[in-house]
Amino acid sequence: MLVEIMNFRREERAICTSLDVAETFGKAHDKVMRDIKNLGCSEEFNTANFGDIFYSDSMNRQQKACVMTRDGFTLLVMGFTGDLAMKFKEAYIKQFNAMEAALQGKLIEREKGIAVRQSLTKALQQSTDNARMHGHAYSAYTNCIYKELFGMNANQLREKFGTKKKDSLRDCFTQEELRAIQSMECLVSGLVDCGWEYDRVKAFIHENNARRQLAA
């Protein structure tokens with residue numbers, strides 16, 4: 001069984017798939033898809049809690065499956081009976097709780113990150129770097145931070161996560177990764193405020209991060 005955080009209806013939600021439900025509860029996938037179709041819920045509820053996805057079967061054919069939220073899952077499995085089914089329901093609910101707690105933690109870090117990025121943006125706008133980099137100082141420093149923390153720049157991370165350019169890359173990071181990014185952005189903002197230029201900042205955060213890794 002698997003509950004994970006994914007973008008659903010343009011926001012991050014804890015979801016599971018019909019494929020996973022079928023495997024966990026020992027049901028044929030087409031029967032699970034039929035059960036979803038026959039739930040009889042309103043169009044509003046269906047749109048808010050179920051969505052189509054596609055996967056390749058064992059013969060490499062494109063087949064339709066379904067993602068669902070906690071509410072969609074709850075409605076679907078309400079009629080599943082038996083002691084084993086009840087254990088699986090409880091396990092899924094625990095996973096939904098864990099993923100929603102993790103998502104809440106990410107949202108809190110994202111809110112904190114807005115103020116940090118505003119401070120960094122303001123510092124860069126007032127620095128000589130912004131004019132020297134023709135207004136691209138923020139992206140240059142962001143790539144510097146990503147390279148230091150993850151070994152990849154923003155474009156490489158987007159490729160890794162399969163994220164489109166219009167989507168927020170930070171939605172892909174964990175709570176701990178967001179916290180690490182914000183910590184380094186705070187450091188960079190302070191150094192830029194002190195008049196440090198890009199090359200000096202880059203060397204300093206590399207040295208600082210290396211010392212931190214050795215201490216860990």
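The values are calculated or read from the model by the stated rules, or taken from the named source; none is laboratory data. Keep in mind the model is a prediction, meaning the values are calculated, not measured. Neighbour counts run over all protein chains shown; Cβ positions are idealised from the backbone, glycine included.
Results, tabulated for the structure shown:
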item	result
Residue within region 143-162 that is over 23 Å from the mean Cα position of the chain (by Cα) and either assigned by TED's automatic domain parsing to the domain that holds G26 or outside any loop (DSSP other than H, G, I, E, B) (or both) present	no
The one condition in (1) closer than 30 Å to E185 by Cβ; (2) small (G, A, S); (3) assigned to a helix (DSSP H, G or I); (4) in contact with a helix residue (DSSP H, G or I) (Cβ under 7 Å, 6 or more places away or on another chain) that A98 fails to fulfil	(4)
Residue within region 55-67 that is in a loop (DSSP other than H, G, I, E, B), over 21 Å from the mean Cα position of the chain (by Cα), surrounded by 11 or more Cβ atoms within 10 Å (Cβ to Cβ) and not β-branched (V, I, T) present	no
Test: residue in region 69-77 that is in a helix (DSSP H, G or I), within 24 Å of the chain's Cα centre (by Cα), outside the structural domain of C41 (by TED's automatic domain parsing) and not hydroxyl-bearing (S, T, Y)	no
Contacts under 6 angstrom Cβ, first residue in region 134-154 being within 18 Å of L187 (Cβ to Cβ), partner in a loop (DSSP other than H, G, I, E, B) and at pLDDT 90 or above, 6 or more apart	N143/N153; Y146/N153; K147/N153
Cβ pairs under 6 Å, 6+ apart, first in region 156-173 and touching a residue at least 12 places away in the same chain (Cβ under 8 Å), second surrounded by fewer than 16 Cβ atoms within 10 Å (Cβ to Cβ) and not aliphatic (A, V, I, L, M)	C172/F161
Condition met for G195 (assigned by TED's automatic domain parsing to the domain that holds K122 and on the phi > 0 side of the Ramachandran plot)	yes
Residue within region 4-19 that is of a type in the set (G, A, S) and out of contact with any strand residue (DSSP E or B) (no Cβ under 7 Å at 6 or more places or on another chain) present	no
Matching entry among C41, C16 (being of a type outside the set (K, R) and closer than 30 Å to T174 by Cα)	C16
Qualifying positions in region 38-53 - of a type outside the set (A, V, I, L, M) and within 20 Å of the chain's Cα centre (by Cα)	N49, F50, G51, D52
Index of the failed condition, G135 passing every other in (1) surrounded by fewer than 18 Cβ atoms within 10 Å (Cβ to Cβ); (2) outside the structural domain of F25 (by TED's automatic domain parsing); (3) part of a helix (DSSP H, G or I)	(3)
Single residue of A85, A22, A48 found to be modelled with pLDDT under 90 and either assigned to a helix (DSSP H, G or I) or surrounded by 14 or more Cβ atoms within 10 Å (Cβ to Cβ) (or both)	A85
Residue identified as part of a helix (DSSP H, G or I), crowded, with 17+ Cβ neighbours inside 10 Å and small (G, A, S) among A203, A115, A123	A123
